[in-house]
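The structure appears below as structure tokens.
The values are calculated or read from the model by the stated rules, or taken from the named source; none is laboratory data. This one's a predicted model, so the numbers in the text were calculated from it and none came from an experiment. Cβ placement follows ideal geometry from the backbone for every residue including glycine, while neighbour counts extend to all protein chains displayed. Note: areas computed on protein heavy atoms with side chains; ligands, DNA, RNA excluded. Shrake-Rupley method; radii C 1.70, N 1.55, O 1.52, S 1.80 Å.
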Amino acid sequence: AQSVTQPDIHITVSEGASLELRCNYSYGATPYLFWYVQSPGQGLQLLLKYFSGDTLVQGIKGFEAEFKRSQSSFNLRKPSVHWSDAAEYFCAVGAPGNEKLTFGTGTRLSIIP
Amino acid sequence: DVKVTQSSRYLVKRTGEKVFLECVQDMDHENMFWYRQDPGLGLRLIYFSYDVKMKEKGDIPEGYSVSREKKERFSLILESASTNQTSMYLCASSSGQGGWAFFGQGTRLTVV
């Protein structure tokens, strides 16, 4: 069975600082990996996805993530956060032939002006 | 762009009522999902449908049922609402690319 761990429940960073949100997954083969963002009161929007190939994935809004098979990780990064990045971020794992995503419990990001 | 539309943003229902949450997608996706979102628990899959009239239980199906009579529409039914079903409900659809799902705006249901 697949699983996802987001060890940080809440992170606070200053505007303009760099950001890294952690995600560890458990899956027996090469997974499909996703990061979604949820603004308050909204649904989830896809930030980026990894299916195969280049392990550094670029997404929308200046985010990127790196797939590290040896560490079973897919951490999300942004070099300089903006106040509008305050939201909840979810990592998710899927797989070829399996349409059901498994989500982590989310990391809430707060931005200090 | 894919659009997944949930019929209500906010609902307040009484204990014991039968509740219908409706979801429509406009991209001819085969797969549709209902998730429940609670603080600290992330998203948990309630039901999944991979074709019209086909459904599969997710991780927390108890107290819920679903209906998919048309490809674009997937309904979640609470047969007899209870206060522990107060939650945010998210509908999603996907086209079969290993879980790449598009989400609706969510329905915040309060059962009193």
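Within the range A:23-31, at least one residue is modelled with pLDDT under 95 and of a type in the set (Val, Ile, Thr).
Note on the range A:43-61: among residues that are among the small types (Gly, Ala, Ser) and farther than 18 Å from B:LYS3 by Cα, the one that is modelled with the highest pLDDT is A:GLY59. Checked against (1) of a type outside the set (Val, Ile, Thr); (2) modelled with pLDDT of 95 or more; (3) under 12 Å from the mean Cα position of the chain (by Cα), B:ASN84 meets all criteria but (3). Scanning the range B:54-63 turns up at least one residue that is free of Cβ contacts under 8 Å to residues at least 24 places away in the same chain and open to solvent by less than 30 Å² (accessible area, probe 1.4 Å).
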